[in-house]
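S.K.: Input: one structure, supplied below.
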Amino acid sequence: MNTDLALGLVRVTETAAINASKYMGRGDKNAADEAAVEGMRRMFDALPIRGTVVIGEGEMDEAPMLYIGEVLGSGDYEVDIAVDPLDGTSFVAKGMPNALAVVAIAEKGSLLHAPDMYMEKLVVGPKARGVVSLDVPLSENIKNVAKALKKDVSNVTVVIQDRPRHQHLMEEVRRVNARLKLFSDGDIQEALATCFEESGVDIMIGIGGAPEGVITAAAVKCVGGDFQGRLCPMNEEEKQRCFNMGIKDLSRVMQLDDIVKSDEVYFAATGVSDGNLLKGVVFLGKDRAKTSSIVMRAKTGTIRYINAIHNLSRRGY
Ligand code: VTB
């Protein structure tokens, strides 16, 4: 794969983030999302790829841009594309932290074409890779992670999305005396934080969107962490969609390599509002904006943080 793709991919998330951040606090989730989508779509066409969106904004009839199956790019290197132009649309609408523009690309055919349904997810960082499982109780995973990280259980922090469906998990964390951090939305960022020691979180577990799960898995693969997922169809129709995808055993836990099959994977994210890992967009004088992004490649394991100052009028924002 073209190693220059990293910088090109950052341009995609930077543009989405700048566009979306103009809607901070305006109370309009859809406008913020549409702005991010438009920016991302436009920048993809400058990339030397021929990419097919496998995780996107929806099916062709429900999304005008970045729909599943849409082909993007101006080159001939064939890749799968997974996008979440704005993870945390409600954060932007309310003017709150933790909104992120996110994208992953991978060798063609290597990303799970996850349907838009729930997925149970379990994520840990590189040092705890291989010691956790969605098939055992959370309390056991916490103890195993504590051992791997050489920490006392009481210093292990589990991050969980604040939803009634996770009540039993929260109780289990408290029962073993581990630490619990709750978040309201945006599980990609929270999950990825487990792979960065200084973030202070060690395990992410819970049920969230399956498309976000695939993007998270791509990111986790780049940093050498561990990700497990299990699709959670909520009705017969969703079950049928899983069977149609060739998933016969719904109770089977998918490992990271089942979800992201190649290590020719790139992940990029730009902060829209301030978050755990990245600062949000800051508008400066003279029509400039500052962005902070991360871009990573699984094959080499390189993690780059890119701060950029954009001249908005010259770049046509
Ligand atoms: C999940 C999570 C996302 O929305 O899809 C969540 O993966 C939806 O959960 O990152 P609910 O159905 O309980 O609201 C996000 O948090 C934000 O899009």
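The values are calculated or read from the model by the stated rules, or taken from the named source; none is laboratory data. Since we're looking at a predicted model, the values are computed, not measured. Methodologically, a virtual Cβ is constructed for each residue, glycine included, from the backbone with ideal geometry; neighbour enumeration extends over all protein chains shown.
S.K.: Of the residues Val214, Val158, Val136, Val173, which single one is away from the ligand (no atom under 16 Å from the Cβ), part of a helix (DSSP H, G or I), β-branched (Val, Ile, Thr) and assigned by TED's automatic domain parsing to the domain that holds Pro233?
M.R.: Just a single option satisfies the conditions, and that option is Val173.
S.K.: Of all residues in the range 54-81, count the ones that are within 13 Å of the ligand (Cβ to nearest atom) and part of a strand (DSSP E or B).
M.R.: 1
S.K.: Report, by residue number, each residue of the range 149-175 that is over 23 Å from the mean Cα position of the chain (by Cα) and surrounded by fewer than 19 Cβ atoms within 10 Å (Cβ to Cβ).
M.R.: Those that are over 23 Å from the mean Cα position of the chain (by Cα) and surrounded by fewer than 19 Cβ atoms within 10 Å (Cβ to Cβ): Leu149, Lys150, Lys151, Asp152, Val153, Ser154, Asn155, Gln167, His168, Glu171, Arg174, Arg175.
S.K.: While we're on this one: What single numbered condition from (1) under 30 Å from Arg26 (Cα atoms); (2) buried (at least 24 other Cβ atoms within 10 Å of the Cβ) fails to hold for Phe227?
M.R.: (1)
S.K.: Within the range 187-196, is even one residue within 13 Å of the ligand (Cβ to nearest atom), in a helix (DSSP H, G or I) and in contact with a Phe, Trp or Tyr (Cβ under 7 Å, 6 or more places away or on another chain)?
M.R.: yes
S.K.: Against the conditions (1) assigned to a loop (DSSP other than H, G, I, E, B); (2) in contact with a helix residue (DSSP H, G or I) (Cβ under 9 Å, 6 or more places away or on another chain); (3) among the hydroxyl-bearing types (Ser, Thr, Tyr), where does Ser313 fall short? Just the number, please.
M.R.: Unmet condition: (2).
S.K.: Let me ask something else. If I filter the range 132-147 down to residues being without any contact (Cβ under 8 Å) to a residue 24 or more places away in the chain and under 15 Å from Val253 (Cβ atoms), which single residue comes out as surrounded by the most Cβ atoms within 10 Å (Cβ to Cβ)?
M.R.: Residue satisfying both the conditions and the ranking: Glu140.
S.K.: Same structure again: Exactly one of (1) outside the structural domain of Gly225 (by TED's automatic domain parsing); (2) at pLDDT below 95 is unmet by Ile294. Its number?
M.R.: Among (1) outside the structural domain of Gly225 (by TED's automatic domain parsing); (2) at pLDDT below 95, the lone unmet condition for Ile294 is (2).
Quick grid of which residues meet (1) closer than 21 Å to Ile294 by Cβ; (2) surrounded by fewer than 23 Cβ atoms within 10 Å (Cβ to Cβ); (3) under 19 Å from the mean Cα position of the chain (by Cα):
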{"site": "Asp4", "(1), (2), (3)": "yes, yes, no"}
{"site": "Arg26", "(1), (2), (3)": "no, yes, no"}
{"site": "Ala63", "(1), (2), (3)": "no, yes, no"}
{"site": "Ile68", "(1), (2), (3)": "no, yes, yes"}
{"site": "Val79", "(1), (2), (3)": "yes, no, yes"}
{"site": "Pro85", "(1), (2), (3)": "yes, no, yes"}
{"site": "Ser90", "(1), (2), (3)": "no, yes, yes"}
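S.K.: Ok, one more. Kindly indicate whether Val253 is more than 19 Å from Asp135 (Cβ to Cβ) and either in the same structural domain as Met96 (by TED's automatic domain parsing) or β-branched (Val, Ile, Thr) (or both).
M.R.: When the stated conditions are applied, Val253 does not pass them.
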